[in-house]
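I have placed the structure first, in the form of structure tokens, so that the comments after it can refer back to it.
The values are calculated or read from the model by the stated rules, or taken from the named source; none is laboratory data. Keep in mind the model is a prediction, meaning the values are calculated, not measured. Please note: Cβ atoms are built from the backbone with ideal geometry, for glycine as well, and neighbour counts cover all protein chains shown. Ligands, DNA and RNA are excluded from the accessible area calculation, which covers all protein heavy atoms including side chains. Shrake-Rupley method; radii C 1.70, N 1.55, O 1.52, S 1.80 Å.
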Amino acid sequence: MKVALVLDDSIDRPDGVQQYVRSLGSYLTSVGHEVHYLCSASESTDPFVHALSRTASVKFNGNGLTTPLPASRKVIRSLLEREMFDVIHVQTPHSPFLAGRVVEEARKLQARSVRIVATFLILPHSRFSALSTRALGKVLAKNLRKFDVISAVTEPAAEFAKASFGITDVPVIPIGVDVAAFQAAVHTPRPARAAGDTLVVAFLGRLVERKGVLELLEAVALLPGEILDRLDVRIGGRGPLMEDAENAVAQHGLRDVVSFEGFVSEEDKPQFMADADIAVFPALGGESFGIVLIEAMAAGSGVVLAGANPGYLSVIGDRAEVSVDARDTEAFASLLERLVEDSALRDEIHAEQQALVQEFDVNVVGERVLRELYGSN
């Protein structure tokens, strides 16, 4: 099959949607399909990457991102006539100015001979985000009727898709991660820990409010001195809360405990996660899935601890020791202390999470995408 993966943002950005698209595209290519990427502005020289629009920077759902300016229908139609895709797979919510136009022109050109599908990828972080998505759903109402199937990455995302887009049947197909590739990118396994050894607690993400970095630092500050003496807390990422995070570290006297590692590249990410005895992602909300949780498990983090938001809970499960409401500082600190002190519990959770991550391997998920979204036997 010839497949077009369509996203309104640039394929060059290292964000979750792009990671999902690249991982799925690599899988599809590996099993013999031809994959093209239709996106907004890109600096890629790959002939299978088609940049169809310039972009404008906006902030939505707590994230900085780019949105496409109106793409040329003539350019889109020329590409579609040349490639004659078998499947067009849109990442949604999508813009009427790029992905929406691709869908419209494809239906005009190929009618029902092309299968058009979508993956719904967001949960709102705020009332404004929720209302904005519902408003977009009304704008896209006619466009949405041109889709054969719209799936979502988790059950909470599916429920939001139904409410926002007015659709009734939304199958859930999770995001896949190339587990073997993450494992292969780890060059130095985390050493076995003896009683009393220093443990690495790692955070990785944008330093923005909804990712919970300040809540993590407040919880660390509540830990008893004998626990703090055993911790090496590493904060990976950049963002507008950097100064606030640094001030929190200074205020609580944590400079000997907490280090700021700055931006962690995709190449360095697996090792950064593998080094963590406890990988902490205390997001407060606005997470439809939590690809970072799967990546940390794939890299072999000792324990992956998630914020108790609906998207993350859909991935991490309901075991009490693997999630926490990061706003409850005392509960957060108590759980960290327990995980530090109980090596047997860490080992037990690690074994469970190493089994869980296999359910999200791209080979497993990719087969479902082919079968359930693309209609391929």
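Looking at the stretch 304-316, I want the residues that are among the hydrophobic types (A, V, I, L, M, F, W, C) and have a partner that is in a loop (DSSP other than H, G, I, E, B) with Cβ atoms under 7 Å, at least 6 apart or on another chain. Which pairs are those?
Ala306/Gly290; Ala308/Asp325; Val315/Phe289; Val315/Gly290
For the subset of the stretch 12-23 comprising residues that are touching a residue at least 60 places away in the same chain (Cβ under 8 Å) and in a helix (DSSP H, G or I), which member is nearest to the chain's Cα centre (by Cα)?
Only one residue tops the list, namely Gly16.
Let me confirm something: among Asp9, Asp15, which residue is surrounded by 18 or more Cβ atoms within 10 Å (Cβ to Cβ) and among the charged types (D, E, K, R)?
Values: Asp15 fails: surrounded by 18 or more Cβ atoms within 10 Å (Cβ to Cβ).
Only one candidate qualifies: Asp9.
Considering Ser44, Ser78, Ser26, which residue is in contact (Cβ under 8 Å) with a residue 60 or more places away in the chain and of a type in the set (Gly, Ala, Ser)?
Values: Ser44 fails: in contact (Cβ under 8 Å) with a residue 60 or more places away in the chain; Ser78 fails: in contact (Cβ under 8 Å) with a residue 60 or more places away in the chain.
Selected residue: Ser26, the only one of Ser44, Ser78, Ser26 that is in contact (Cβ under 8 Å) with a residue 60 or more places away in the chain and of a type in the set (Gly, Ala, Ser).
Among the residues of the stretch 288-301, is there at least one that is in contact with a helix residue (DSSP H, G or I) (Cβ under 8 Å, 6 or more places away or on another chain) and surrounded by fewer than 20 Cβ atoms within 10 Å (Cβ to Cβ)?
Just the residues of the stretch 288-301 that are in contact with a helix residue (DSSP H, G or I) (Cβ under 8 Å, 6 or more places away or on another chain), to begin with: 288-301.
This time we only want the ones that are surrounded by fewer than 20 Cβ atoms within 10 Å (Cβ to Cβ), so: none.
No: zero hits.
So, restricting to helices (runs of 4 or more DSSP H) that lie completely within the stretch 164-269, which ones have at least 2 residues that are open to solvent by less than 20 Å² (accessible area, probe 1.4 Å)? Break it down into steps so the answer makes sense when it comes.
Working: elements: 179-184, 213-221, 225-228, 242-251.
In the stretch 164-269, the matching helices (runs of 4 or more DSSP H) lie at 213-221, 242-251.
Write out, first by first residue and then by second, each pair whose Cβ atoms fall under 8 Å of each other, whose residues are 6+ apart or on separate chains, and whose first residue, in the stretch 339-353, is closer than 13 Å to Ala195 by Cα while the second is outside any helix (DSSP H, G or I) and modelled with pLDDT under 95.
Ser343/Arg193; Ser343/Ala195
Testing Gly285 on (1) outside any helix (DSSP H, G or I); (2) over 30 Å from Leu131 (Cα atoms); (3) open to solvent by less than 20 Å² (accessible area, probe 1.4 Å), one condition comes back false. Which one is that?
(2)
Quick one: how many residues across the stretch 125-135 are in a helix (DSSP H, G or I), buried (at least 18 other Cβ atoms within 10 Å of the Cβ) and not small (Gly, Ala, Ser)?
1
Residues Phe97, Phe147: which one is in a loop (DSSP other than H, G, I, E, B), more than 29 Å from Met273 (Cβ to Cβ) and open to solvent by less than 40 Å² (accessible area, probe 1.4 Å)? Show your work before the answer.
Values: Phe97 fails: open to solvent by less than 40 Å² (accessible area, probe 1.4 Å).
It is Phe147.
Residue by residue through the stretch 18-33, note down the ones that are within 18 Å of Phe120 (Cα to Cα) and open to solvent by 20 Å² or more (accessible area, probe 1.4 Å).
Residues of the stretch 18-33 within 18 Å of Phe120 (Cα to Cα): 18-25.
Hits for the stretch 18-33 are Gln19, Arg22, Ser23.
Regarding His36, is this residue buried (at least 17 other Cβ atoms within 10 Å of the Cβ) and either over 23 Å from the mean Cα position of the chain (by Cα) or in a strand (DSSP E or B) (or both)?
Details: buried (at least 17 other Cβ atoms within 10 Å of the Cβ): yes; either over 23 Å from the mean Cα position of the chain (by Cα) or in a strand (DSSP E or B) (or both): yes.
Taking the combined requirement at face value, the residue satisfies it.
So which of Ser78, Ser40, Ser72 is farther than 24 Å from Ser376 by Cβ and in contact with a Leu (Cβ under 7 Å, 6 or more places away or on another chain)?
On the way: Ser78 fails: in contact with a Leu (Cβ under 7 Å, 6 or more places away or on another chain); Ser72 fails: in contact with a Leu (Cβ under 7 Å, 6 or more places away or on another chain).
Of the residues listed, the single one that is farther than 24 Å from Ser376 by Cβ and in contact with a Leu (Cβ under 7 Å, 6 or more places away or on another chain) is Ser40.
List the helices (runs of 4 or more DSSP H) inside the stretch 313-377, counting only whole elements, that have at least 3 residues being surrounded by 15 or more Cβ atoms within 10 Å (Cβ to Cβ) and under 23 Å from the mean Cα position of the chain (by Cα). Before you say what the answer is, go through the steps one by one.
On the way: elements: 329-341, 343-356, 362-368.
Correct list: 343-356, 362-368.
State yes or no: is Ile122 buried (at least 22 other Cβ atoms within 10 Å of the Cβ) and at pLDDT below 95? Spell out how you get there, then give the answer.
Values: buried (at least 22 other Cβ atoms within 10 Å of the Cβ): yes; at pLDDT below 95: yes.
So Ile122 fits the description; yes.
Return the total of residues in the stretch 150-159 being open to solvent by less than 40 Å² (accessible area, probe 1.4 Å), in a helix (DSSP H, G or I) and in contact (Cβ under 8 Å) with a residue 40 or more places away in the chain.
First, pick out the residues of the stretch 150-159 that are open to solvent by less than 40 Å² (accessible area, probe 1.4 Å): 150-154, 156-158.
Pick out the ones that are also in a helix (DSSP H, G or I) and you get 156-158.
Add one more test, that the residue is in contact (Cβ under 8 Å) with a residue 40 or more places away in the chain, and what stays is 156-157.
Residues that pass the stated criteria total 2.
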